[in-house]
Amino acid sequence: MAETFDVLSEVLEPLSLRRWAAGEVTVFPPRGLHGDGRSAAFYCVLQGHCRLKIAGEEAIVNLDRGDLVLVMPGREHVLGDHHESPSVPLEDVLRVGVAHTPGPVAAGENGSLTRLVCGYSLVETHLPDPVFSSLPPFIVVKGIDGRVAPWLEETLRLMLRESDPDRPGRQAIVDHFAQVILIQSIREWMRTLDCENGHWLAAIMDPDIGPVLKLMHASLEWPWTVAALADRVCLSRSTFAARFKAMVSKPPLQYLLECRMQKACALLAEGRCEIKEIASRIGYTTRTAFSNAFRRWSGMSPGMYRRLAHGSGAEDRQAERGAGWLTRPDHSRCPSRPGPGG
């Protein structure tokens, strides 16, 4: 199983942002589009050029014809002829464009126009996602000689066709194409990574560390030890541990803990498994052991996370924050199901 296991698919599967709105937008200067950062957004330039400014980032990104930019959740931004130009909410423009207007939406006054295909998830990201938090604020996929990349051109064409509100099942299909754009953009960004840069996505492609990551993700329930993992790739324990930390920026068992907890988050949000079953699936002998580890990692109980993921439990949010979601402590060990190593 480990030889054919697709780590990237396993990691990206929970990134199922839903209820995407998409449409073609024509922007005339001085005017721009404003994304409030509650969810992911993408922009593809079909004609003209524009500039992207992300709140909190110094760099201003210039986009030309054929370029695509994917902006991660939690990143408020402005896209237009100038980041200080008046802007209109992207969500409002797409709601009008998709629901009422069959053609492009004018979002400006006069001057040279910029024609875009835009998309925005209408479902807010209530909880920080570990995968999104490990990615850059935005990803740019450059066009080819001023043209949209072939895979993207076909995807956008089909997405726009399905954006007609009168087409049965259109929402599911639009969401599917948005997911393709999301994952393809991440894959394109991965191609630019140096295996030695300390990002775990780059480590997937390393001949020594890549197979270990596959083993971990494929068998989260197994009681892995550093020695057992090192033995699988024929390295000494010390050499393996040092190489793993250099490439992934954390020790092997801490990374394993992160994998288990991210899988638990996905299963909790899905809502189909009891907490006891989730504990067993990620290597914990009891619900209590899992709940304690999850609270130490996230600052909230599994039940609270599930309620927040489903949009309830707001009154308890402050009480459950504890150490805070984004300040996860370092754990080199976590309770695991007993059994033979490796």
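The values are calculated or read from the model by the stated rules, or taken from the named source; none is laboratory data. Here the structure is a predicted model, which means the values were calculated and not measured. With ideal geometry, Cβ positions are generated from the backbone for all residues, glycine too; neighbour counts draw on all protein chains shown.
Mind checking which residues of region 26-68 are part of a strand (DSSP E or B) and either of a type in the set (Phe, Trp, Tyr) or not assigned by TED's automatic domain parsing to the domain that holds Arg115 (or both)?
Of everything in region 26-68, those that are part of a strand (DSSP E or B) and either of a type in the set (Phe, Trp, Tyr) or not assigned by TED's automatic domain parsing to the domain that holds Arg115 (or both) turn out to be Phe42, Tyr43.
Being in contact with a Leu (Cβ under 7 Å, 6 or more places away or on another chain), closer than 30 Å to Glu154 by Cβ and in a loop (DSSP other than H, G, I, E, B), is that true of even one residue in region 219-226?
no
Restricting the search to region 149-206, which residues are at pLDDT 90 or above and basic (Lys, Arg)?
Arg157
Kindly check whether there is at least one residue in region 91-111 that is modelled with pLDDT of 85 or more and either among the hydrophobic types (A, V, I, L, M, F, W, C) or under 18 Å from Asp175 (Cβ atoms) (or both). Working first, answer last.
Just the residues of region 91-111 that are modelled with pLDDT of 85 or more, to begin with: none.
Within region 91-111, not a single residue is modelled with pLDDT of 85 or more and either among the hydrophobic types (A, V, I, L, M, F, W, C) or under 18 Å from Asp175 (Cβ atoms) (or both).
Starting from residues that are part of a loop (DSSP other than H, G, I, E, B) and at pLDDT below 95, keep the ones in region 236-272 and report whichever is farthest from Pro302 (Cα to Cα).
Selected residue: Ser249.
This table checks each residue for (1) in contact (Cβ under 8 Å) with a residue 12 or more places away in the chain; (2) out of contact with any strand residue (DSSP E or B) (no Cβ under 7 Å at 6 or more places or on another chain); (3) surrounded by fewer than 18 Cβ atoms within 10 Å (Cβ to Cβ).
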| site | (1), (2), (3) |
| --- | --- |
| Val27 | yes, no, no |
| Pro30 | yes, yes, yes |
| Leu33 | yes, no, no |
| Ser39 | yes, no, no |
| Tyr43 | yes, no, no |
| His49 | yes, no, yes |
| Leu63 | yes, no, no |
| Val78 | yes, no, no |
| Pro89 | yes, no, yes |
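Of (1) hydroxyl-bearing (Ser, Thr, Tyr); (2) assigned to a helix (DSSP H, G or I); (3) free of Cβ contacts under 8 Å to residues at least 60 places away in the same chain, Thr285 satisfies all except one. Which?
Every condition holds for Thr285 apart from (2).
Could you go through region 14-21 and let me know if any residue there is polar (S, T, N, Q), out of contact with any Cys (no Cβ under 8 Å at 6 or more places or on another chain), surrounded by fewer than 22 Cβ atoms within 10 Å (Cβ to Cβ) and closer than 30 Å to Met261 by Cβ.
Yes, region 14-21 has at least one match.
Quick check on region 193-206. Is at least one of its residues β-branched (Val, Ile, Thr) and surrounded by 18 or more Cβ atoms within 10 Å (Cβ to Cβ)?
yes
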